Amino acid sequence: MSEKGRLILEMAEQASTCTACDLAETRTKVVFGDGSADSPLMLIGEGPGMNEDATGLPFVGRAGTLLDECLREAGMLRKHIYLTNVVKCRPTLEEAGRIKNRPPRADEAGTCVTLWLEKQIAIVQPSVILCLGAPAANAIIHRSFKMTQERGQWFESKYVRFAMAALHPAYILRQEGEAYDTARQTLVDDLMAARDKAKTAKDEPKTTLF
Ligand code: URA
């Protein structure tokens with residue numbers, strides 16, 4: 001195993017007992033990350049859902065299947081990227097006696113980014129980060145990120161020289177008909193752009209604080 005792989009594994013072990021926020025009380029498993037710690041391309045989603053919470057792996061439900069399909073169409077497999085989320089534990093709410101997913105709160109995201117995501121980025125040192133959805137774009141690119149206006153554009157962030165946001169697979173799954181096809185193709189295109197950028201950015205100087 002590579003040095004980065006070893007360090008990520010060590011950190012995942014530490015994170016598996018994290019109690020830094022309330023999400024620890026309701027989670028089953030901490031979902032730390034998946035893929036290659038040596039990849040120049042990091043994908044960051046929002047947070048685990050029910051299937052991820054049960055298995056401990058990111059993007060294994062319907063959204064994950066769609067992400068895997070789009071990755072393949074963009075010429076990549078999971079082993080070619082490093083995949084994680086803004087928060088590592090499933091945010092839930094109870095509605096009419098049922099447990100549902102919810103977006104992470106700003107305080108939960110802030111705690112988890114400082115404690116774990118920033119350290120993951122520091123180890124992996126990707127050349128490119130592709131944010132899947134607004135919570136990741138808010139954490140990595142800027143706080144008032146507007147998906148409708150700013151998706152697909154390159155930004156320099158303190159974490160990485162090249163950051164971009166793409167539509168979240170769960171959002172795409174909520175679209176129907178032509179809107180679904182368009183949104184899905186947009187994700188494939190953004191994944192291809194991120195792959196191409198990661199290939200060419202490898203040799204450029206890293207200008208991040210990390
Ligand atoms: N949605 C996310 O943002 N992350 C996952 O791991 C699964 C679904």
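The values are calculated or read from the model by the stated rules, or taken from the named source; none is laboratory data. Only a predicted model underlies this, so the values are computations on that prediction, with no experimental measurement involved. Positions of Cβ are generated from backbone atoms using ideal geometry, with glycine treated the same way; all protein chains shown enter the neighbour counts. Accessible surface areas use protein heavy atoms only, side chains included; no ligands, DNA or RNA. Shrake-Rupley method; radii C 1.70, N 1.55, O 1.52, S 1.80 Å.
A few notes on this one:
- Residue tally, condition surrounded by fewer than 21 Cβ atoms within 10 Å (Cβ to Cβ) and on the phi > 0 side of the Ramachandran plot, over the range 59-78: 1
- Restricting attention to the range 160-185 and to residues that are under 17 Å from the mean Cα position of the chain (by Cα) and without any contact (Cβ under 8 Å) to a residue 40 or more places away in the chain, the residue that is nearest to LEU117 (Cα to Cα) turns out to be ALA163.
- Pick from the range 49-95, criterion β-branched (Val, Ile, Thr) and not in a loop (DSSP other than H, G, I, E, B), ranking: nearest to the ligand (Cβ to nearest atom): THR84
- Meets criteria (away from the ligand (no atom under 16 Å from the Cβ), open to solvent by less than 60 Å² (accessible area, probe 1.4 Å) and in contact (Cβ under 8 Å) with a residue 12 or more places away in the chain) for CYS18: yes
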